[in-house]
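*Asks:* First the structure, which I've put down as structure tokens, then a few questions once you've had a look.
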Amino acid sequence: MALSNLGIFHTVIGVIAIGSAVTGFIKNGKIDLDKLSGKIYFYLTLITSLTALGLSKHGGFNPGHIFSLFIVVLILIAYYLYYKKKGNIRARFFENFLFSFSFFLSLVPTVNETFTRVPVGHPLAKAASDAIIGQTLLVLFIFFLVGSFLQFRQQRNTNRML
């Protein structure tokens, strides 16, 4: 199935957002709005989530649209916590978790769409219910849990120094 112009734009922006989040995790241990990678993640994830509302492989409103709206809510709350609750060290725990959770949720449709389209002509999965998609998402969920624990520890240590 070919991508529409909106689909191509959505995909390119989404890949850049994911890349910026990975960069933030590697460099800072989190998606940090103080850093360029965090700002790129926030704004491009917002754009990606909103453009997803104009896409539908099967027509009409679907679970992918709900994911997109939920991701928008998560990143907007994290953004609010960052800018409006700067002095509140407890808010950093929630901000980190919300950004990380939004990243994990972004990977769910990413894995599904990638595995059902690539390689072209012989995709890795025929449907979202294929085992390889579930197994990949399970591994990513474990990474999310471990990463969240490490972020919690890092933030606790940072808060103690303040």
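*Asks:* Residues that are under 16 Å from the mean Cα position of the chain (by Cα) and under 16 Å from THR11 (Cβ atoms): does the stretch 113-136 have at least one?
*Replies:* yes
*Asks:* Then there is this: With (1) crowded, with 17+ Cβ neighbours inside 10 Å; (2) closer than 20 Å to TYR41 by Cα; (3) of a type outside the set (Asp, Glu) as the list, and THR136 as the residue in question, which single condition is left unmet?
*Replies:* The single condition THR136 does not satisfy is (2).
*Asks:* If I ask for residues that are part of a loop (DSSP other than H, G, I, E, B) and either charged (D, E, K, R) or surrounded by fewer than 17 Cβ atoms within 10 Å (Cβ to Cβ) (or both), which ones from the stretch 110-122 would you list?
*Replies:* ARG117, VAL118, PRO119, VAL120, GLY121, HIS122
*Asks:* Of THR158, THR136, which residue is modelled with pLDDT under 95, assigned to a helix (DSSP H, G or I) and of a type outside the set (A, V, I, L, M, F, W, C)? Step through it out loud before you land on a result.
*Replies:* Details: THR136 fails: modelled with pLDDT under 95.
Sole residue among the options that is modelled with pLDDT under 95, assigned to a helix (DSSP H, G or I) and of a type outside the set (A, V, I, L, M, F, W, C): THR158.
*Asks:* What pairs come up if the first residue lies in the stretch 129-153 and is without any contact (Cβ under 8 Å) to a residue 12 or more places away in the chain and over 20 Å from ILE18 (Cα atoms), the second is loosely packed, with under 11 Cβ neighbours inside 10 Å and basic (Lys, Arg), and their beta carbons are under 8 Å apart, counting only those six or more places apart or on different chains?
*Replies:* Pairs found: none.
*Asks:* Are any residues in the stretch 119-158 of a type in the set (S, T, N, Q) and either touching a Lys or Arg at 6+ places or on another chain (Cβ under 7 Å) or over 22 Å from ASN96 (Cβ atoms) (or both), and if so, which ones? Don't jump to the end; show me each part of the working.
*Replies:* From the stretch 119-158, those of a type in the set (S, T, N, Q) are 129, 135-136, 148, 151, 154-155, 157-158; that's our starting set.
Passing the criteria: SER129, GLN135, THR136, GLN151, GLN155.
The values are calculated or read from the model by the stated rules, or taken from the named source; none is laboratory data. Since the structure is predicted, the reported quantities are computational estimates derived from the model, not experimental observations. No Cβ is skipped: glycine too gets one built from the backbone with ideal geometry, and neighbour counts run over all protein chains shown.
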